[in-house]
1. Condition check: in a loop (DSSP other than H, G, I, E, B), at pLDDT 80 or above and not β-branched (Val, Ile, Thr). Does Cys50 satisfy that?
2. Consider segment 84-110. How many of its residues are part of a loop (DSSP other than H, G, I, E, B) and within 23 Å of Cys50 (Cβ to Cβ)?
3. Has segment 88-103 got at least one residue that is surrounded by 13 or more Cβ atoms within 10 Å (Cβ to Cβ), more than 25 Å from Thr37 (Cβ to Cβ) and touching a residue at least 24 places away in the same chain (Cβ under 8 Å)?
4. Using the structure shown, decide if Ser119 is hydroxyl-bearing (Ser, Thr, Tyr), surrounded by fewer than 20 Cβ atoms within 10 Å (Cβ to Cβ) and either in the same structural domain as Gly42 (by TED's automatic domain parsing) or in contact with an Asp or Glu (Cβ under 6 Å, 6 or more places away or on another chain) (or both).
5. Quick one: count up the residues across segment 77-129 that are of a type in the set (Ser, Thr, Tyr) and under 12 Å from the mean Cα position of the chain (by Cα).
Amino acid sequence: MTLLRLVLAGLAVVLGASGCGARVGGATTSSSRPPATGGVQGKVTASPTCPVERAAPRCRPRPVATRVRLVSRSGSTVASARSSRSGQFKMAVPPGTYEVVAIYPGPGRGCPPQVVVVSAGKWSTAELRCDTGIR
């Protein structure tokens, strides 16, 4: 049993030194990429909320709880999160250019994606405004 433990410990050292990726929080990280210290935060809202929209408080855009994804220039999903009932979301990602995509669960025309640029150590803001289709 002692020999088996030594072999397994040696294997762990070799794999760790070879730069193999590790799974952290559902995402694969690599030693060649620094950990994310910034990312994208924002809010998803839907409007109009009244026919023939008025300035009255009851007709203001409403927050949307939905799935939000960050898509890289190559088209792959880099991160995803669910916006809260207040429409807020936050995702830590490495620096880069991303498209923020929200899936609008209601009728209407959906949510146009928004392009954001994340700089190292900074948080970019995306305000996604979904169209309810009410006219």
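The values are calculated or read from the model by the stated rules, or taken from the named source; none is laboratory data. In this text, all values refer to a predicted model and were calculated from it rather than measured experimentally. Don't worry about glycine lacking a Cβ; one is built from the backbone with ideal geometry, like all the others, and counts go over all protein chains shown.
1. Working: in a loop (DSSP other than H, G, I, E, B): yes; at pLDDT 80 or above: yes; not β-branched (Val, Ile, Thr): yes.
Criteria met by Cys50.
2. We begin by selecting, within segment 84-110, every residue part of a loop (DSSP other than H, G, I, E, B); these are 84-87, 94-95, 103-109.
Now drop any that are not within 23 Å of Cys50 (Cβ to Cβ), which leaves 85-87, 104-109.
Matching residues across segment 84-110 total 9.
3. In the first step, residues of segment 88-103 are kept if they are surrounded by 13 or more Cβ atoms within 10 Å (Cβ to Cβ); the result is 88-96, 98-103.
Within this subset, residues satisfying the condition of being more than 25 Å from Thr37 (Cβ to Cβ) are 103.
Remaining after also requiring touching a residue at least 24 places away in the same chain (Cβ under 8 Å): 103.
Within segment 88-103, one or more residues are surrounded by 13 or more Cβ atoms within 10 Å (Cβ to Cβ), more than 25 Å from Thr37 (Cβ to Cβ) and touching a residue at least 24 places away in the same chain (Cβ under 8 Å).
4. Values: hydroxyl-bearing (Ser, Thr, Tyr): yes; surrounded by fewer than 20 Cβ atoms within 10 Å (Cβ to Cβ): yes; either in the same structural domain as Gly42 (by TED's automatic domain parsing) or in contact with an Asp or Glu (Cβ under 6 Å, 6 or more places away or on another chain) (or both): yes.
Yes, satisfied.
5. Of all residues in segment 77-129, those of a type in the set (Ser, Thr, Tyr) come to 77, 80, 83-84, 86, 97-98, 104, 119, 124-125.
Still in the list and also under 12 Å from the mean Cα position of the chain (by Cα): 77, 80, 83, 98, 124-125.
Number of matching residues: 6.
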